[in-house]
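These notes concern the structure reproduced below.
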Amino acid sequence: MSEKYDLIVLGGGPAGMSSAIYGSRSRLKTLVLEAKRKTGGQPSTYHDMENYPGVPETTASELMENFRTHAEKFGTEFKKGEVKSLEVDGFEKIIKCKKGEEYRAKSVVIATGAEPRKLGIKGEEEFKGKGVSYCATCDADLFTDLDIVVVGNGNSAVEESIYLTKFVNKITMIVIHDEGVMDAEKILQEKAMENDKIEFVWNSVLEEIKGEGIVEKAVVKNIKNGEKSEIDCSGVFFFVGRVPSTDFLEGVVDLTEHGYVKTTKQMETNQPGVYAVGDVRNKVVRQVITAAGDGATAAVMAQSYIEEEEYWQNHVVNADKPALVAFWSVTDQESMDLISQLEAMELENKGYKFLKIDTYKNRLISDRYDVEEIPTLLKIKAGEVVSKLVKPEKEEIKELI
Amino acid sequence: MIELNKDNFEEEVLNFDGKVVVDFWSESCDHCMEIMPEVKKLAEEFADDFKFAKLDIKGNRRLAIGQKVLGLPSIVFYENGEKVEHLSGEDLEPEDIRKELEARA
């Protein structure tokens, strides 16, 4: 038997945990599934956290622990599990994990984030854990008083290099751009330039990592003149962007060509009741605060989805009498007239369940029954549409009943 | 599990006739601390086939680098003083260690 939840969040980073905080506070039975032993996602592998509004003095991992405490306070459950597949069967979503665990949920928030990008350079895989690292806070003290190379020049590359200078003897940053040009924000660039322990190699890329059992040399190539040089070092840190963790979602929700989940501004994927938030989503700004915002939006959307869907299931699909459903909108006078006309017909006394769907608020049901014009009137029996009248005349309605 | 340091490493591991498993760890390595209780259980379970030891890399960095350990946690297998296997990485699970122990017992 698999356990059933209102909301299952895939991934325990800032986006996922924000969804969990909002979900469980709204009394949704909420589960967070995290593949790693430790929750916190990407920030838990970083050190500094200087731009989370309202929390001027904190570290990234401390902030992430607080996110978790906050979610647990409202009753969120946390379990460890790497998701293997997501199946959407109408109102039921089935999640299977690699070790065989199975969970069911009414709504799902995908917050699986992104993994550090691997460059596939010669030696990169061979020396993983033997000098090659993607996580400064994890491995910094191993390199105490040693020389290291950092590949990358974006915000994380520069921030993490500054953090690493507290441990290592010297850092050489390999930068692909012209001298003085980096992708990182100006404020970070200045900090790095002022730091005595950081040196730069411009116009260059890392070509190979060499060593006997552990990293000993980095081979660097100048892209302007093709010249190669070797740098003696004990470690190579890669901070060259990230790739979304969405392999298990292919064919389930729409993805971009780079593998990010496509969503609306309301975090909806193309599957009703399935949302995507944070770094896994196709968007431009990827910060802890924007991830948290995504998470909150998705949880609120999930809650109204569940309410609408349950109402529909209880009153229409599983109802013991046929239902007449009128699709209307306040902006359409004709549809308002139809509603008053139907209300005057005392349909409940004639053995019908009568429902009104506001197409502006409830697109989910309107889309499911291909309601393109209003007013539209549907007669539904045991979940099946028996007749559909678009802009019906009085006579047609009488005939229907 | 035997506590190793630069004074006893050679005697307990490199000059030992038999199979030794060394857990390289550090207090700042969260994953090391998480799997440590599981490793202790494995040490009891496989006590007949292996000698289990652990090395805190704090204060023993040169020794760790000498054993080509530059990533934590690292579980290194020795047979008659020769390094025969090196498991490491943040996704290392106690089950991976168990499999290796079963294969080498």
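FYI, it's all coordinate maths here, none of it is from the lab. All values derive from a computational prediction rather than experimental measurement. Cβ sites come from the backbone with ideal geometry, for glycine too, and all protein chains shown count toward neighbours.
Computed from label points 7 Å out along Cα-Cβ, the spacing between B:Glu34 and A:Glu208 is 3.6 nm. Helices in the protein assembly as shown, meaning DSSP H runs of at least 4 residues, each add -39500 (n - 2.57). Divided by all residues, the mean residue ellipticity at 222 nm is -8000 deg cm²/dmol. Across the protein assembly as shown, counting alpha-carbon atoms alone, Rg and Dmax equal 29.3, 100 Å. Compute the angle between helix A:333-344 and the longest alpha-carbon principal axis of chain A, please, reported from 0 to 90 degrees and rounded to the nearest 10. Relative to chain A, helix A:333-344 is tipped by roughly 50 degrees. Database remark: amide H of A:Arg117 closer than 5 angstrom to the amide H of A:Val240, A:Gly241, A:Arg242, A:Val243 (H placed geometrically; neighbours at sequence offset of 5 or more, or on other chains; Pro and chain starts carry no H).
Contact order for chain A, expressed relative to its length and based on alpha carbon pairs under 8 Å spaced 6+ residues apart, stands at 15 percent. On a per residue basis, the convex hull of the C-alpha atoms belonging to the stretch B:2-100 measures out at 86 Å³. Considering only alpha-carbon pairs that sit under 8 angstrom and 6 or more positions apart, the relative contact order computed for chain B is 36 percent. Shown for the protein assembly as shown: cysteine residues without a partner Cβ closer than 4.7 Å, namely A:Cys97, A:Cys233. Does the stretch A:132-238 classify as rounded, prolate or oblate by the C-alpha gyration tensor (a ≥ b ≥ c root eigenvalues; a/c under 1.5 gives rounded; else a/b over b/c gives prolate, otherwise oblate)? Judged from the Cα gyration tensor, the stretch A:132-238 comes out oblate (a/c at least 1.5, b/c at or above a/b). Computed packing ranks the peptides B:79-89, A:323-333, A:293-303 as A:293-303, A:323-333, B:79-89, most packed first, by mean other Cβ atoms within 10 Å. Per-residue Karplus couplings for the stretch A:175-192, computed as 6.51 cos²θ - 1.76 cosθ + 1.60 with θ equal to phi - 60°, are listed in order as 10, 6, 7, 5, 3, x, 9, 9, 7, 5, 4, 3, 4, 6, 4, 4, 4, 5 Hz, Gly and Pro entered as x. For B:Phe16, the residues 5 or more places off, or on other chains, whose built amide H falls under 5 Å of its own are B:Gly81. Here, the stretch A:275-377 has an Rg and a Dmax of 18.1, 57 Å when only alpha carbons are counted.
Which whole-percent values make up P(r) of the stretch A:150-193 when all C-alpha to C-alpha distances are grouped in 5 Å steps starting at zero? Percent of Cα pairs in each bin: 5, 24, 38, 24, 8, 1. For the stretch A:4-108, GluC sites (Glu not before Pro) are listed when DSSP marks them as loop and at most 11 other Cβ atoms sit within 10 Å of their Cβ; the list is A:Glu57.
Comparing A:Val32, A:Val88, A:Val385 in a Gaussian network model of chain A where C-alpha atoms under 10 Å apart are linked, the largest mean-square fluctuation is found at A:Val385.
Highest mobility in the GNM of chain A, judged by mean-square fluctuation with C-alpha springs under 10 Å and restricted to A:Lys170, A:Lys38, A:Lys356, is found for A:Lys356. Springs between Cα atoms under 10 Å define the GNM used for chain A, and in it the highest mean-square fluctuation of A:Ala140, A:Ala105, A:Ala382 occurs at A:Ala382.
Taking amide H positions as modeled 1.01 Å from N, with prolines and chain starts lacking one, no residue 5 or more places away or on another chain lies under 5 Å from A:Glu101.
Note on the stretch B:2-100: lysine pairs with Cα distance below 16 Å, sequence gap of 8 or more or different chains, count 18. Evaluating 6.51 cos²θ - 1.76 cosθ + 1.60 at θ = phi - 60° for every residue in the stretch A:83-91, the Karplus couplings come out as 6, 9, 8, 10, 10, 10, 10, x, 6 Hz, glycine and proline recorded as x.
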